[in-house]
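Colleague: Sharing a structure here in structure tokens format.
The values are calculated or read from the model by the stated rules, or taken from the named source; none is laboratory data. Bear in mind that the values here come from a model prediction, so they are computed numbers and not experimental data. Every residue, glycine among them, receives a Cβ derived from its backbone with ideal geometry; neighbour counts consider all protein chains shown.
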């Protein structure tokens, strides 16, 4: 009984052991375990010359309209290689119809597959390194991407990367397994020449070491007066070491050293002319490959986002299409970011990869890390001699990140660089005001703030000629910006203690503020008249109802809604404008000029437009001015002005 059970256990062990050893998955039929040499290698089935001819045909087919389908042309070259494997029908079915990536691919599945792919291109050697198979699958991926078949492009790109050798070391450069699949004979010659030069350098190094060892051996034997067997003497006929032997050995060291220098010089030339161009090109190709895959992954994520869109038809929070919040995308999109980081490691000087990684990190909220990559891209862009207009966006991104990190002094430098390099006059004009406000409020640099405010005001004067091009909201915002700009300029004159100039700028600021008030008054009058007209039409509809009166009623209702929206916009601009502060400061200047009537008038205006705090302060100042007019005793204004002096 025990013997039978033992035999059964051995049989099961053999069966399961063999089963584990030969189990394969889809797209993994091309394993390293082929000791019998049953399957042909890629270059035996698909000669490199065939691949070169295919690429030429694909290039020519793009110029002609009657050419055959590129995907069919590539498949005709690729399919014979896969047809030789065991169970090819099942392999083809899983590879073509398995639909690993579909239009409804779940994002987590996609991320797991990307991580799995990243594991396959390490040193695991699960699949062979084959430039031929890589190029064919990559061409298929590109053709599917041109047809907007993103899921098929992803599938072929992953299949291509399983055959990609990402090593670009000096040892892999002349590797015969790589050279036999290349169709560029010039690169093959350079690789073999470099391998030959390197072998000569290694041989010269070894010869020099042997020559030095020979000298040491002869000198030691001479010092000990020992007999040595020389090659020139018969066997077992030892003799003493002479000075001629040592001199000859030293001459050999000198000759070996000269040979090593020549070999090192030849190796250096070969390294610079043969290997280093390959290293740079291979690094860029590898990075471009991963970068292209990263874009496909991002497109797939964007397609998945489309399924998250919902249509809001309620009137509570507005109507339209909204995207549901994806917390994973907003915190860390690690599939796309991981591929970009891999591409960056493959080629740290690929400027487009660095820029994409910086933007991705910025979108993920990793501001400090994003700033590092933006600065890295800026250094690369300047090294590539890009024009200031091409890197203006980067200056602005760096400045905004410094601002968010509260590094205002560093941000100021890049804001100014952006302002100087921005080619669009319209953007530059708007940004002049933002720069003036930044220097005034964040840095307290009133001189620079005044400079940019004045630039914006000059552009504003030119813009007034085309004010009809602005929407109503933008036109009112421009007036609010004028209030801020004139007030910001007045602060510099206040600091420099130049009351006449400060007063002039404050008056301009208040005049702009008054334009907003006047616009509000006109809209309120328009709304009041429209309301009366609407009531008149409504009263007429009680007596008789006809289509003309109903249409007039609807039009008037729409007009009233529009007028109400405009009033709300103007009120918002008035509430966010520092007009009352300008009035308060101007009242102080009038008071120091002994013009108490104008000072009191400014405080009375504050009572009409200010908030509760400003109104309380204005009431105190009015009461104080009245007491000054009664008894003639000077009293300091509220609040006490820290910059006021004897000259005021």
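Colleague: As an exercise: evaluate residue 545 against (1) in contact (Cβ under 8 Å) with a residue 40 or more places away in the chain; (2) over 25 Å from residue 472 (Cβ atoms) and give the number of the one condition it does not meet.
Modeller: (1) is the only condition that residue 545 fails.
Colleague: Go through region 265-276 and give me each residue that's in contact with a helix residue (DSSP H, G or I) (Cβ under 9 Å, 6 or more places away or on another chain) and loosely packed, with under 15 Cβ neighbours inside 10 Å.
Modeller: Here is the first cut: in region 265-276, the ones in contact with a helix residue (DSSP H, G or I) (Cβ under 9 Å, 6 or more places away or on another chain) are 266-267, 269-271, 273-275.
Once the filter is applied, which keeps residues that are in contact with a helix residue (DSSP H, G or I) (Cβ under 9 Å, 6 or more places away or on another chain) and loosely packed, with under 15 Cβ neighbours inside 10 Å, region 265-276 yields 269, 273.
Colleague: Checking residue 264 against (1) modelled with pLDDT of 90 or more; (2) in the same structural domain as residue 394 (by TED's automatic domain parsing): exactly one of these is not met. Which one?
Modeller: The failed condition is (2).
Colleague: Moving to a separate point now. Is region 483-503 home to any residue that is closer than 23 Å to residue 438 by Cβ and outside any helix (DSSP H, G or I)?
Modeller: yes
Colleague: Which is within 22 Å of residue 598 (Cα to Cα) and not assigned by TED's automatic domain parsing to the domain that holds residue 599, of 509, 475?
Modeller: 509
Colleague: Another question, then. Please work out which one of (1) at positive phi; (2) in contact (Cβ under 8 Å) with a residue 40 or more places away in the chain is the condition residue 444 fails and give its number.
Modeller: (2)
Colleague: Follow-up question, since we're still on this one. Starting from region 466-491, keep only residues that are modelled with pLDDT under 85, then list their pairs with residues that are surrounded by 14 or more Cβ atoms within 10 Å (Cβ to Cβ) and in a helix (DSSP H, G or I) whose Cβ atoms are within a distance under 8 Å, requiring at least 6 positions of separation or different chains.
Modeller: Correct list of pairs: 467/475; 470/463; 470/478.
Colleague: Quick one: which helices (runs of 4 or more DSSP H) sit completely within region 390-466 and have at least 2 residues that are within 30 Å of residue 352 (Cβ to Cβ)?
Modeller: Values: elements: 392-404, 408-421, 425-438, 446-463.
Ranges flagged: 392-404, 408-421, 425-438.
Colleague: Sticking with this one: Here is a list: 342, 355. Which entry is touching a residue at least 60 places away in the same chain (Cβ under 8 Å) and in the same structural domain as residue 445 (by TED's automatic domain parsing)? Write out each step before concluding.
Modeller: Values: 355 fails: touching a residue at least 60 places away in the same chain (Cβ under 8 Å).
Testing whether each residue is touching a residue at least 60 places away in the same chain (Cβ under 8 Å) and in the same structural domain as residue 445 (by TED's automatic domain parsing) leaves just 342.
Colleague: Of the residues 211, 159, 204, which is in the same structural domain as residue 81 (by TED's automatic domain parsing) and either part of a loop (DSSP other than H, G, I, E, B) or surrounded by 13 or more Cβ atoms within 10 Å (Cβ to Cβ) (or both)?
Modeller: After ruling out the rest, the residue left standing is 159.
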